[in-house]
1. Mind checking the full-extension length gain between residue 213 and residue 195? Use 0.36 nm per residue of separation minus the Cα-Cα distance, one decimal, nm.
2. Non-local amide H neighbours of residue 401 (under 5 Å, H modeled in plane, Pro and chain starts lacking H): which ones?
3. From the phi of every residue in the stretch 100-111, what ³J(HN,Hα) in whole Hz does the Karplus formula 6.51 cos²θ - 1.76 cosθ + 1.60 yield, where θ is phi - 60° and glycine or proline is x?
4. If amide hydrogens are placed 1.01 Å from N in the peptide plane, which non-local residues have theirs closer than 5 Å to the one on residue 359?
5. Going down the list 95/168; 95/165; 165/233, which pairs span over 30 Å between their C-alpha atoms?
6. For the stretch 173-265, report the % of Cα-Cα distances exceeding 15 Å.
7. First select every other residue whose beta carbon is under 13 angstrom from the beta carbon of residue 74; then total the charges, Lys and Arg +1, Asp and Glu -1.
8. Ranked by Cβ crowding within 10 angstrom, fewest neighbours first, how are 345, 255 ordered?
Amino acid sequence: MNRSAAEVGGHPAAVAVARMSDALKDFSGTPLWSASDTKLTELLAELSALEARLAAARLAAVAEAHGRDIAKRSGAASTAAWLRQTLRLTPAAAKQQTALAVALDRELEITRRALEEGALGVAHARVIAGAVEELPCDVGPGVRESAEARLTEWAGQFDAAQLAKLGKRILQVVDPDAADADEARRLAEEEKRARLRRELTFTDDGRGTVWIRGRAPVEEAAVIRRAIDVLAKPRPSDAGLPDSRSPGARALDALHEVCRRSLAAGRLPTQRGEVPQLVVTIGLGKLRDQVSAGALDTGERLSPAVVRRIACDAQIIPAVLGSDSVPLDLGRAARLFTPAQRRALTIRDQGCAFPGCDRHPHWCEAHHLTHWVDGGRSDLDNGVLLCGHHHRVIHRGDWQVRIASDGLPEFIPPRLIDPQRRPLRNHMRIHEPTSA
């Protein structure tokens, strides 16, 4: 039987139940089609407020049951478990209702009153409870109350999702000094944990590629990004076509280039008395004939074409073996261009010498026109600067490069590009005229 608010006790929960009951009794059977837009809007607002009041009553009852420890007397493990059994709630719903009921009963008086008055809903109340709970435990007196009051005020202007975003910054509003100190402390803790979690792993997938996975603290990730961003920009192809590489491919190429430059510069700390280098092992005859794979000192295998190409590069040392597997050349001294020769090549070529390329000298490798394994010497008239991409192009054999009579490199294109194979030069480089 329905009872009016006057017929029940003065407890807010009982009053809310009675008002809801009376409102539903009045509403029952009323045809909505006859209601005006204004009346329908008012009805929705009233039902929403009554729903909030009923929720307040329900949560007050849950808080009372929790205070009495009914769950223990009923054999349940907790109030949430008791609610789940009694009202057939899901575990998540029972846990949420219990937590909110306890919070409203113990400290969130402003929020509880607003819910009882229908000024905000359960979703808003849950957001406020969470935001207040997240405040540092050592905030000054009255800060929690100020935060709760401000969030309750905002609940009348914003939905629960918007209020949650505001709740994350509420301390900045009610106590800026405490917010700054808390942020500094929180960031310091996060950075400490980040240092412990940082990692970089290399996993060979057995299909010619290596998975590189890593996690870095914010500041270290920023350094890496800054180092590779400028090198990871899209670059058009030699034919002027857009860069076909994905952003991930460009980033990997840039990281590789940064590491290649670091190795080439020879400024890394020594390891067992030597600057870190890679070693590729292959038989001399097999390297000359390009008929066999080579092995990195890390165990991975490389194709003959790749071994022959990187054999030009100073930071990857080919360990060439004779027929009796005795090392013939460990890539020292005479095989490589000396720093002075490298500087001379930089002065002459001013960067990648391939026609149309604008890569800076730091991007470039010193290439032997006649490969050292074929008897080529590390002399200026047998060397040319090429960026990594055009170094690979030359080693594919379609293009040829030679030093012209004036001492500058020129490139012979394949017949597919020019049937007459007329020599080309990089006219983007400006060379000083030679004196007579």
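1. Values: separation 18, 0.36 × 18 = 6.48 nm, distance 1.60 nm.
That pair, residue 213 and residue 195, stretches by 4.9 nm at full extension.
2. Result for residue 401 returns 412.
3. So the Karplus estimates, Gly and Pro as x, are 5, 4, 5, 5, 5, 6, 8, 9, 8, 5, 5, 5 Hz.
4. Hits under the 5 Å cutoff: 352.
5. Details: 95/168 22 Å; 95/165 23 Å; 165/233 35 Å.
Table pairs above 30 Å Cα-Cα are 165/233.
6. Values: 3205 of 4278 pairs.
For the stretch 173-265, the share of Cα pairs beyond 15 Å comes to 75 percent.
7. Values: positive: 68, 72, 73, 84; negative: 69.
Combined, the nearby Lys, Arg, Asp and Glu give +3.
8. Numbers: 345 21, 255 16.
The order, fewest Cβ neighbours first, is 255, 345.
None of the figures in this text is laboratory data; all of them are computed from the coordinates on show. In this text the structure is predicted, and so the values were computed from the model without any measurement. No Cβ is skipped: glycine too gets one built from the backbone with ideal geometry, and neighbour counts run over all protein chains shown.
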